[in-house]
Each structure stands twice: as structure tokens, then as C-alpha cells.
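The values are calculated or read from the model by the stated rules, or taken from the named source; none is laboratory data. Computed from a prediction, not measured in an experiment: that's the story for all the values here. Here the Cβ positions follow ideal geometry from the backbone for every residue, glycine too, while neighbour counts run over all protein chains shown.
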Amino acid sequence: MAVENITSGGAKSKNKNLFKISFTTNIFECYDTIISGYLAAVIGHLFFKPGSEIIAVILSFATFSSSFLAEPLGGIFWGYFGDKRGTGLAAKYSMLVMAIPSCLIGLLPTYDSIGYVAPILLVLLNIIQGFGTGGQVATNFCYVYEQTTDTKHSGLFCGLAASGGWVGSLLASLVAFLLYARFSNDTIYNWAWRIPFLISIPMFIIIFHFRKNIEISHNHQANASRKFDLLQKEFIRPFIKCFLLLSFMQISFYMLFMWLPTYLESFLKVSHDVARISNVISLIVATICVILWGYLGKHIHYKKIMLYSLVLLLLLSYPLFYFLHSASFIILIAIQIIFAVVYTPLEGNYVFALGKAFNSKFRNRGYALSQIP
């Protein structure tokens, strides 16, 4: 009886730790990406030579896009590192490489203080951040899958890992809303723009604390001495399938949840407040549904759920976009909720699906390279 209690207590402690790791997998990365987009105009004004505001915004977006250019290299490096040295170790180190530059951005001097050195430092920090991000999400997804694959909660934990990005997006939206509601434009340009980036510091400390007990898996050590060619059939076939799946998901996500508010405002002349409120509601619904579909994927079978989602998205996208042209506020919200419910089976199950697709010899690389789109 005593042994059973100890075993039960150990299992509960492990599940609690996995819950924290799963839920915080993608929060930091998505928060930083979204908040950088919201503050692009401010960053462009402060870090580049005074002149055209439009050019400044373009340069700002180009600067932050440099992190995306570094992500594939980071994915290759951290994927290889994870397969050879252990997923847990790669998850810890890539977290540091991603988070520290993100926190430092809020402390950077601006163009008025140090001239051209300011944008150079900003670009360098974004490149380093992107290099870490390229491995952070993939290795964390891989870690969650490997730690839960033999349990009945695997689908739930993988769904939680996928939901972190949605939580990060919601958090960034809330911080940006409070920033502009609390401070005047002059105050934001003077110093308050730093607040959203400095919030990254306590966020990083909390998340890193959750991961201090992350298990350093040793099951990869046997792979270190085994030569492996990424062009082998056992890798290339699942990689092509997963790459196409992730490409479709990326396009769908940015169209339905990032571009749609702009489409409503710019083309359908919906007010800014209505477009943003309806989008926030759809994000909240989507976050809940990602976790729910991840849980159901273990019981119904994740492949069926994902197939139904793909088919419904293809069939419903055109008619739902058509009805948006004459939609009232209630119908507008209803349509976006439908999009959230139909799309999220893919989000809720793809972390588990990628884990099942790739052999343990190259699972980290499979996760990382499939994320490139």
C-alpha cells in the first residue's frame, strides 16, 4: 500500500510538472511575436532615422522578420542537438537563447541615443531570438509527446502544448489594449513602449522555473553513434506529409485569426472595435477548443478528427466569407466561432500526429523542420 501511494504521488507530481511545461510551451514565443507586430509603428519611429513613417514601419517589420529568417537554421541545429543529446537539454538551452534577447529589447537605447547602433543591436537580438525560437517550440512539443506517449493523457497534454500559442496571442492583445488605454501616445513613445517587452522578464522567469525539473532524456544517446541520412524514406515520407499539413495550417491560421480583422475593417468597413472584439472572442473559443479536440483525439482517433477538419474548412470557407459581407454583429461573431471550432481540431492534434509520424532517431528534427513553413 505504501509503495502504491508513493507511485501514485510520483505520477501526480510528474503530471503536474508536465501540465506546466505543456501549457507554457508556446506562450512566450507567440506573445513576443504578436506584441512586436502591435508596436511596429512605435519601434520604427524610435529605432530608425527620422523620415517617412511608412518607411519606418516597413523597416520595423523587416527587422522583426529577421527572426523568422533565423528560425530554420535554429530548427536544424536544435533538432539535431535534441536527437543527439536529449530533448530535455535542447528544450532548456533553446529557451535561454530565445528568451534573453527578447527581454533585452525592452532595455535597448533608441536611435536618438546611439544613432545607427540602435537598429543594428535590434536586428542582432532578433536574429539570436529567432535562432532560439526555431528549436524551442519543436523541442518542447517533442518533449511533451515523448513524456506522455505511453499514458492515457497524451492527447490532452499535446493539445495543451498547442494551446500555448493561442494564450500568448491573447496575452499580447490584452497587454497592447491596456497600454494604449492607460497611456497617451507621447508617453508610449517616450518610455511606455518598453513595458510590454519588460513583461517578458517575469514571464521568462516563471516559465523557466516551471522547467527547472525537466527530465534530461538519455534515450537519444544510442542515436549519437548511428549515422542517419535525412533523405532516407523513413524520414522523407512523413516529413512531406507533415510539412504540407503545417503549411495548410499556417495559411489557415493567419487568414482566419490574423488577417480577418484587417479584412473586416479595410474591405467590409466594419468598425475597429467590432472587428477586434469579435476576433478576441474567436481566439478565446479557439483556445478552449484546441485543448478539447486534443483530449478527444485520443478517444475518437486523431486522424479522423483532423481529416474532418480539413474537409470542413475547404467546404465552408467560401460560403462563410460570403456571408460576412452582410453580417450583423451577432452573425459576425457566430461565423468566426464556427471557423474556430472547425479549424482547431488540426491545432489540437497536430503535436500528437507529428510525434506519431517520426521515429525517435530523428523526432526532434522532424518536429523542427516541419515547423519551417
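Only helices (runs of 4 or more DSSP H) whose full extent lies in the range 115-216 are considered here, and the ones with at least 3 residues that are over 17 Å from residue 64 (Cβ atoms) are 117-148, 154-182, 200-210.
In the range 49-77, the qualifying residues are those that are more than 20 Å from the chain's Cα centre (by Cα) and in a helix (DSSP H, G or I), and the one that is nearest to residue 146 (Cα to Cα) is 60. Taking first residues from the range 139-162 that are at pLDDT 85 or above and of a type in the set (D, E, K, R) and partners that are surrounded by fewer than 24 Cβ atoms within 10 Å (Cβ to Cβ) and assigned to a helix (DSSP H, G or I), no Cβ contact under 7 Å between residues at least 6 apart in sequence or on separate chains turns up.
Set side by side, the residues 82, 44 differ, and just one is farther than 30 Å from residue 261 by Cα and at pLDDT 80 or above, which is 82.
Taking the criterion of being touching a residue at least 40 places away in the same chain (Cβ under 8 Å) and more than 16 Å from residue 283 (Cβ to Cβ), the residues of the range 309-345 that qualify are 310, 313, 324, 325, 329, 345.
For the range 78-87, check the following and say yes or no: at least one residue is at positive phi and not in a helix (DSSP H, G or I).
Checked the range 78-87: at least one residue is at positive phi and not in a helix (DSSP H, G or I).
Taking the range 358-373 as the range and being surrounded by fewer than 24 Cβ atoms within 10 Å (Cβ to Cβ) and closer than 22 Å to residue 252 by Cα as the test, the residues that pass are 369, 371, 372, 373.
Close Cβ contacts (under 6 Å, 6 or more residues apart or on different chains) running from residues in the range 243-258 that are within 21 Å of residue 321 (Cα to Cα) to residues that are of a type in the set (A, V, I, L, M) and buried (at least 19 other Cβ atoms within 10 Å of the Cβ) comprise 249/346. Here 313, 292 are screened, and the one residue that is modelled with pLDDT of 90 or more, surrounded by 19 or more Cβ atoms within 10 Å (Cβ to Cβ) and touching a helix residue (DSSP H, G or I) at 6+ places or on another chain (Cβ under 8 Å) is 313. List the number of the failed condition for residue 47; all other conditions in (1) closer than 30 Å to residue 367 by Cβ; (2) touching a residue at least 60 places away in the same chain (Cβ under 8 Å) hold. Only one criterion in (1) closer than 30 Å to residue 367 by Cβ; (2) touching a residue at least 60 places away in the same chain (Cβ under 8 Å) is unmet by residue 47, namely (1). Could you tell me whether any residue of the range 182-197 is within 19 Å of the chain's Cα centre (by Cα) and either of a type in the set (Val, Ile, Thr) or at pLDDT below 90 (or both)? Scanning the range 182-197 turns up no residue that is within 19 Å of the chain's Cα centre (by Cα) and either of a type in the set (Val, Ile, Thr) or at pLDDT below 90 (or both). The number of residues in the range 64-75 that are at pLDDT 80 or above and among the hydroxyl-bearing types (Ser, Thr, Tyr) comes to 2.
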